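Below is one structure; the comments refer to it alone.
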Amino acid sequence: LYCQFMLLLFLLAVGSVSADGFDTSLRFPEELSIENYVVLVPDFSAAQDSFSACSWLKTSADSGLPWFSYATSTADNTILLKAKYHNIIRTTGARQEIKFDKVKLLHNEWNHFCFSWSPGSADFYINGVRLYTGSSLTGRIILGGTLVIGQESDTLGGGFVLNDLFAGDMYNINVFKKKLTLEDVSAMFYNGRCAELERSLTYDIILSWSDILGAERHGAVRDVPAGCDRWGILQDLGSILAYILNRRGAAIP
């Protein structure tokens, strides 16, 4: 009985991993090319008044390192999030640039990035530390755009240049319909890259990692193991089951 239960749990976990991308990163080749990107047309209507985007990034080459480039017919840099230099957001009200050009990160190390916005307020975090907080532009998020992962869009869904792209691994990009708090972001970082999101936050996701993994890909972007798995969780569940069965006097082979 115990072995059968563990096998069932294992099969469920394998199916869950493949379905939600828990153990999958996206790798953008170190050899720079404007052909390497992921593109989709997201629905941000639920996030027009509060928006946050977070990701784990591991860079492997020097470039502009854009990881999230949302362009609309109104402006190419409607929302531009990068691992280097600056972030840009343009709403129906105005445009704002948040610079962090003095921050230097090591290649081939995982770092956690988060940007959050609501009318009049914006925050930017790296590794759970808030590097920028302050008043921000009013207005609403502009809808109807195209999101490119791994390149900076200088036109709607295109206009890529060789010195402004991403090389390395991305993991667990999520977009939320709320302005994340310092506590939310710090917990994401300190719980670790392979931790599940707090359940309360999962209800606010409007664009998930599994959505991005399933989006249209170009060039040599590919899946690689993220180094995260749920087998440790299964072992803990197995230990709990064994304890319960022992308490009931069941014989476990």
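The values are calculated or read from the model by the stated rules, or taken from the named source; none is laboratory data. All of these numbers come straight from a predicted model, not from anything done at the bench. Because the Cβ atoms are built from the backbone with ideal geometry, glycine has one as well, and the counts that use them run over all protein chains shown. All accessible areas refer to the heavy atoms of the entire protein, side chains included, with ligands and DNA or RNA removed. Shrake-Rupley method; radii C 1.70, N 1.55, O 1.52, S 1.80 Å.
A few notes on this one:
- Per-q log10 I(q)/I(0), region 83-220, q = 0.09, 0.16, 0.20 Å⁻¹ (Debye; single scatterer per alpha-carbon; no solvent): -0.29, -1.03, -1.73
- Carbon + sulfur, % of accessible area of region 39-159 - ligands and nucleic acids excluded, 1.4 Å: 47 percent
- Per-residue surface analysis assigns VAL224 an accessible area of about 10 Å², computed on protein heavy atoms at 1.4 Å probe radius.
- Charge sum, other residues only, whose C-beta stays under 12 Å from LYS58's C-beta, Lys/Arg counted +1 and Asp/Glu -1: -1
- Distance violations [Cα-Cα > 26 Å] among LYS102/LYS178; LYS58/LYS99; LYS104/LYS178; LYS104/LYS177: LYS102/LYS178; LYS104/LYS178; LYS104/LYS177
- Qualifying aspartates and glutamates (Cα of each under 16 Å from Cα of LYS179; at least 8 residues distant if same chain): ASP49, ASP123, GLU198, ASP204
- Between HIS218 and TYR190, the modelled label-to-label distance comes to 4.2 nm, taking each label 7 Å out from Cα in the direction of the beta carbon.
- With a simple spin-label model that places each label point 7 Å from the Cα along the Cα-to-Cβ direction, the separation between SER73 and THR133 comes to 3.9 nm.
- Spin-label zone in region 62-104 - amide nitrogen under 12 Å from a point set 7 Å from the Cα of ASN163 along the C-beta vector: 63-64
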